[in-house]
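Here the structure comes first, spelled out in structure tokens, and everything after it is commentary.
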Amino acid sequence: MGQNIMLTGMVLSAAPVGEYDRRVTLLTRERGKISAFARGARRPGSQLMAAGSPFSFGKFEVYEGRSSYSIGKAEISNYFRELAEDVANACYGFYFLEVADYYARENTDEIHMLKLLYQSLRALEKESLGNRLVRRVFELKAMAINGEGPNVFSCLSCGSEEGLPWFHVRRGGTLCGNCLKGGKAVPLDASALYAMQFILTSSIEKLYTFTLSEQALCSLEQVLDEYMGFYVDRRFHALKVLEENFMFAAQAAGKDI
């Protein structure tokens, strides 16, 4: 028999159903990723209108039916309106939502992914943090939460913790100069290596407390592009839009988006 339950979470995506309803995907602290119907959410003045909008974070009272959930009430505490006002920032935000949707599962503990998503969206709203760095911090931590984080603390071959200038994509970690023997290895800047170590070991609350030089950031970008390309089997729509419409123009203008 169904029951009403209170969930804390964020709307990852929403799609129209019928004339007035929406079907939303929620990332919740208590039930992981779930799909739920927001009935009447598309009616003018509906109290559930916010519950059908991506980025909406708050408390959702849902009814658990036999095969689906239905949202009865929603108390939204953050709409991330400032994020939506900038098109490039919004693209990054939608990319983060897609990544969270890709990794999250139903009836699993997703408190860390939810917290990472929330903190990363807040970081996008801060002018002091470059979006390129925020993206890479989010990507690496998301992979680590899912158990796919690389070993960047010692050489994969000899175990040395000193001098790790190479990253081996297929083996998923670092190599020292003495153990690099063929294979696809990517040069790894020392500051980028330290940043990866910091991201993997720090609490989510402390993730966005550092900056990187352009050289170190480019090294981090190269490593994560190849690492995610190997381990992630999805092409994210928001990232494609971002790359095709904003990154090229920003690089030409010398800007960081």
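Taking a quarter of the surface of the Cα convex hull of region 50-94, what do you get in nm²?
It is 3.6 nm².
How tilted is helix 214-231 with respect to the longest principal axis of the chain? Cα atoms for both, answer in degrees (0 to 90, nearest 10). Between helix and principal axis, roughly 70 degrees. Along the axis of the charge dipole computed for the chain (Cβ charges of +1 for Lys and Arg, -1 for Asp and Glu, origin at the Cα centre), the listed residues Leu239, Thr8, Asn89 are led at the positive end by Thr8.
Put simply, the amide H of Lys73, placed in the peptide plane, has neighbours under 5 Å in Glu61, leaving out anything fewer than 5 places away on its chain. Against the chain, whose longest principal axis comes from its Cα atoms, helix 131-145 is set at around 80 degrees.
Region 196-214 and region 122-173 have Cα centres separated by 9 Å. Overall, the chain carries a charge dipole of about 600 debye about its Cα centre when +1 sits on the Cβ of Lys and Arg and -1 on the Cβ of Asp and Glu, all other atoms neutral.
The base-10 log of I(q)/I(0) for region 141-253, evaluated at q = 0.11 Å⁻¹, reads -0.40 [Debye formula, identical scatterers on Cα atoms, solvent excluded]. The amide H of Phe153, built 1.01 Å from its N in the peptide plane, has Thr174 as neighbours under 5 Å, considering only residues 5 or more places off or on other chains.
Considering all different alpha carbon pairs of the chain, the Kirkwood hydrodynamic radius works out to 19.7 Å. Modelled spin-label separation between Val241 and Val87, with each label point placed 7 Å from Cα along the Cα-to-Cβ direction: 1.0 nm.
The residues His237, His112, His168, when put in order of fewest to most other Cβ atoms within 10 Å, stand as His237, His112, His168.
Is there a pair in Lys33/Lys59; Lys184/Lys240; Lys73/Lys206; Lys115/Lys141; Lys141/Lys240 whose C-alpha atoms are over 23 Å apart, and which pairs would that be? Violating the 23 Å Cα-Cα cut-off are Lys184/Lys240; Lys73/Lys206. The angle separating the long axis of helix 111-124 from the principal Cα axis of greatest extent in the chain is about 80 degrees. For Val17, the residues whose amide H sits under 5 Å from its own are Arg22, Arg23, ignoring neighbours fewer than 5 places away on the same chain, with H placed 1.01 Å from N.
A dipole drawn for the chain from +1 and -1 charges on Cβ atoms has a positive end, and of Ala41, Gly58, Tyr208 the residue lying farthest that way is Ala41. Remark on region 45-169: hydrodynamic radius 17.1 angstrom, per the Kirkwood mean of 1/r across alpha carbon pairs. The calculated pair-distance distribution of region 4-79 uses every alpha carbon pair, bins of 5 angstrom beginning at 0, and gives 4, 20, 33, 29, 12, 3, 0 percent.
In plain terms, the residue of Leu114, Leu7 with the fewest other Cβ atoms within 10 Å comes first and the most crowded comes last, giving Leu7, Leu114. Neighbour counting of Cβ atoms within 10 Å sorts the residues Thr28, Thr209, Thr108, Thr8, fewest neighbours leading, into Thr209, Thr108, Thr8, Thr28.
Computed from the coordinates by the stated procedures, all read-outs in this text should not be read as laboratory data. Source: prediction; values computed, not measured. Backbone-built Cβ (ideal geometry, glycine too); neighbour counts: all protein chains shown.
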